[in-house]
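Have a look at the structure below before the remarks.
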Amino acid sequence: MRESLTLNPDYEYFQHCNWAGKWFQNGSLRNLQPLYETEIDTSKEFNERFGILCLTADQLNIKMWDEYVNHKKGFCVGYDSKRLIEYMGGSIVIYDDDLPVIKPFEDPLIQFYKKIFFKESKYSFEKEFRMYKFWSLIPLDRNVKIEKECIFEILFGPDIIPKDKFEIERYMRFHLPHVKLIETKFDGNEIKFCE
């Protein structure tokens, strides 16, 4: 009706109603397939232009080492968050039993924030912080180059394979000598720094 009032200023009230009724009967809301396809395309394009780096504030969290670091056989990279934020945006993750509802006509920035920075409470042990990068055009390469000083430590998992540890140590010695190499141990139910 609002559009008819603008496009057809000379119409009588019943003519506006007829015009709006025809659009209602024949408009895109009657055929949801194009809307569905647009939503799929929009989501695909968003994913191609957006990248996330998930980090934790708790480098000794045993559940994190089991879930994400090959059951304590891998390594953890410590970043200087103040330097890293110069390359990407970031925010803490909010944990809640009920994820927020994303409303179709809500501000896109609010929709973005709800999609990216909320997780279910069952993941609260992660103490996650997410860094993100958004490209205005779809990039050919979504890697973000950071300066070497953004990395300040490597924690070796308590069960790291010696060959892997040796390769990492050798690489660091030649390419990132400023990075502190830290060994950990599994002590009962927790991971600790070695003395």
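The values are calculated or read from the model by the stated rules, or taken from the named source; none is laboratory data. In this text the structure is predicted, and so the values were computed from the model without any measurement. Here the Cβ is made from the backbone with ideal geometry for all residues, glycine too, and neighbour counts use every protein chain on show.
General remarks:
- Enumeration of residues in the range 139-178 that are over 21 Å from Asn61 (Cα atoms), outside any helix (DSSP H, G or I), touching a residue at least 24 places away in the same chain (Cβ under 8 Å) and not charged (D, E, K, R): Pro139, Val144, Ile146, Leu176, His178
- Output for the range 117-138, where each listed residue is surrounded by 15 or more Cβ atoms within 10 Å (Cβ to Cβ) and not in a strand (DSSP E or B): Phe117, Phe125, Glu126, Lys127
- Out of Asn47, Asn18, sole residue that is assigned to a helix (DSSP H, G or I), more than 42 Å from the chain's Cα centre (by Cα) and among the polar types (S, T, N, Q): Asn18
- Verdict on Lys114 being touching a Pro at 6+ places or on another chain (Cβ under 8 Å) and either at positive phi or not in a strand (DSSP E or B) (or both): yes
- Residue list for the range 15-55, restricted to those being more than 25 Å from Tyr123 (Cβ to Cβ) and in contact (Cβ under 8 Å) with a residue 24 or more places away in the chain: Glu45, Glu48, Arg49
- Scanning the range 135-189 for residues that are within 28 Å of the chain's Cα centre (by Cα), at pLDDT below 95 and of a type in the set (Asp, Glu) yields Asp141, Glu147, Glu149.
- Screening the range 84-97 for residues that are closer than 30 Å to Asp159 by Cα and either out of contact with any strand residue (DSSP E or B) (no Cβ under 6 Å at 6 or more places or on another chain) or crowded, with 17+ Cβ neighbours inside 10 Å (or both) and picking the one that is modelled with the highest pLDDT gives Val93.
- The one condition from (1) within 30 Å of Leu35 (Cα to Cα); (2) touching a strand residue (DSSP E or B) at 6+ places or on another chain (Cβ under 8 Å); (3) among the small types (Gly, Ala, Ser) that Ser136 does not meet is (2).
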